[in-house]
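Input: a single structure, listed below in structure tokens.
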Amino acid sequence: MNSIDPPATVSVLDRDQIRDLMTQVLAAQGKDLPSGESADLREIGFRSLDFSELALRVEDEIGRELNFDAPGLRNIRTVGDVLDLLAELQDAT
Amino acid sequence: MTAGDANRVVLPDGTATTWRALLDGEPLPDPVAVLAEDAASALRAVRRHVEDGTELLVAARSRVDETLRAELIEAGFAVPSYGVPAHRAAEPGRLWILTSGSTGRPKRIGHTLDSLTTVREAQPPRTWLCPYSPGTYAWWQLVTLSLAQPGQDLVVTDPATLDDWPRAAAKHGVTAVSGTPTFWRQSLHRHGDELTTVPLSQITLGGEPVDQPVLDLLRATFPDARISWIYASSEAGAAVVVHDGRAGFPASWLDRDSVDRPRLSVVDGELLVASPHRGAGVPELLHTGDRAEVTGDRVLLPGRISGDEINVGGTKVSAGAVREVLLTHPSVRWARVTGRRAPLVGQLVSAEVVTDGTVDTALLQRFAAEHLAESAVPRRIRVLPEIPVKETLKSDV
């Protein structure tokens, strides 16, 4: 985990950038993010707390809150699902 | 005439005077709210109160916003700095304190010189640094001590001179300093070795939860000083005074009946105080709203009950408990823990810290993970360059 200070914000993160943040969330716990997007979140140990932290990291990077009410939550099972949702949320906010 | 009339009072500009000399000028309107622009005018108002029994509220002008000022005027106080006369009969001898407002808008609590004078046994001669904002309970504690006892001198600071207090303290022979834990953390962080040039024999902490790491840091810096912490509030008065260098107070003090001492109890995790020093109109048994935990032979007071709880996916996390863990890291000088709105789990634990620069946030997070449940580990940690201090010397931790 890195300090969130200072907040050098960008308008939108692309999938690779979100993936980098996801890697950091897992690395802080000594876990690796497999390549590709099909890995099952349960198998790699990416849980609700981790997803929440990732969302906050995205918010810190883009300098605004994500609106999770906008798209309605869907079944998030894979790495690709996480990247899809966070990319979509940035567009909707 | 007061027993401390000959005591020295050093003003922020370095001018040395005495309580007796501060009794200059005309009597004040009565009742009066003195919204002080400087420390000297606040002290003069107090000395006039001693002489005349003027009903008095003292507060730094910067602490009184327009709404609060209107409330004071509506309550009948003269406000000389705004040309407002009194418009009701005064209550002789009454003093009013504004609460710090850390739990909402400041409230007025009624006291008297007698109820604010909580140190009555003779003290060794000391020169006290008074870093508190005029009119706060802690400020009154030092002021009444100096008024009541010969040999208790005061060196007063103001916001402009506060940061440089070690130099003023060394210059004016300060031997005792009272401050909030935030004040002490900031001082230790900012001044380091310079502090050891001030030969302190008495260090006092109060106004905020006092944790073991700050006591240990002070002990290491001032090995020969007596280190005391005080649990006090405008409402409860001074209720607990501990000198043994440990956080919390002995559990044997609970439910103990004594003529002159407050009765302390813990009910449903909350500290209850029945104090002879309480403010006027305050219930005899005051629910303090402060969390109390009996741990072995000590009662620890980690923080407020309301506002302390962070709900992480249905798991209740105590912000105070997380803060205490962060503060046990040797590189952490200060910490604030809050809940941050987060998807899926409602809130995540977030922290702001000030460190000595030898630890990064990843290491700090791993440290927290070794000592806390997973849901309590701060997921976001922000490093601040300075300890944020409000005018009350508190920091909303």
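Computed from the coordinates by the stated procedures, all read-outs in this text should not be read as laboratory data. None of the values given here were measured: they were computed from a predicted structure. With ideal geometry, Cβ positions are generated from the backbone for all residues, glycine too; neighbour counts draw on all protein chains shown.
Annotations
- Tally, over the range B:1-15, of residues that are in contact with a strand residue (DSSP E or B) (Cβ under 7 Å, 6 or more places away or on another chain) and either free of Cβ contacts under 8 Å to residues at least 40 places away in the same chain or acidic (Asp, Glu) (or both): 1
- Enumerated helices (runs of 4 or more DSSP H) restricted to the range B:118-237, each holding at least 2 residues that are over 29 Å from B:GLY357 (Cβ atoms): B:137-148
- Filter result (more than 28 Å from B:LEU98 (Cβ to Cβ), assigned to a loop (DSSP other than H, G, I, E, B) and of a type in the set (Val, Ile, Thr)) within the range B:244-295: B:VAL259
- Members of the range B:63-87 that are assigned to a helix (DSSP H, G or I) and either in contact with a strand residue (DSSP E or B) (Cβ under 9 Å, 6 or more places away or on another chain) or buried (at least 16 other Cβ atoms within 10 Å of the Cβ) (or both): B:ARG63, B:LEU68, B:ARG69, B:GLU71, B:LEU72, B:ILE73, B:PRO80, B:SER81, B:TYR82
- Those strands (runs of 3 or more DSSP E) of the range B:296-387 in which 3 or more residues are out of contact with any Cys (no Cβ under 9 Å at 6 or more places or on another chain) and more than 11 Å from chain A (Cβ to nearest Cβ) occupy B:298-304, B:309-312, B:315-318, B:332-342.
- The condition of being surrounded by fewer than 23 Cβ atoms within 10 Å (Cβ to Cβ) and in contact (Cβ under 8 Å) with a residue 24 or more places away in the chain holds for only one of B:THR196, B:THR182, that being B:THR196.
- The lone exception for B:SER275 - which of (1) within 26 Å of B:GLY135 (Cβ to Cβ); (2) surrounded by fewer than 17 Cβ atoms within 10 Å (Cβ to Cβ); (3) in contact with a strand residue (DSSP E or B) (Cβ under 7 Å, 6 or more places away or on another chain) it fails: (2)
- Filtered residues of the range B:18-27 (kept if surrounded by fewer than 20 Cβ atoms within 10 Å (Cβ to Cβ) and either of a type in the set (A, V, I, L, M, F, W, C) or touching a residue at least 12 places away in the same chain (Cβ under 8 Å) (or both)): B:THR18, B:ARG20, B:ALA21, B:LEU23, B:ASP24, B:GLY25, B:PRO27
- Residues (on the phi > 0 side of the Ramachandran plot and of a type in the set (Gly, Ala, Ser)) located in the range B:257-280: B:GLY269
- If you go through the range B:21-45 and keep only what is among the β-branched types (Val, Ile, Thr) and under 22 Å from B:ALA160 (Cα atoms), you end up with just B:VAL34.
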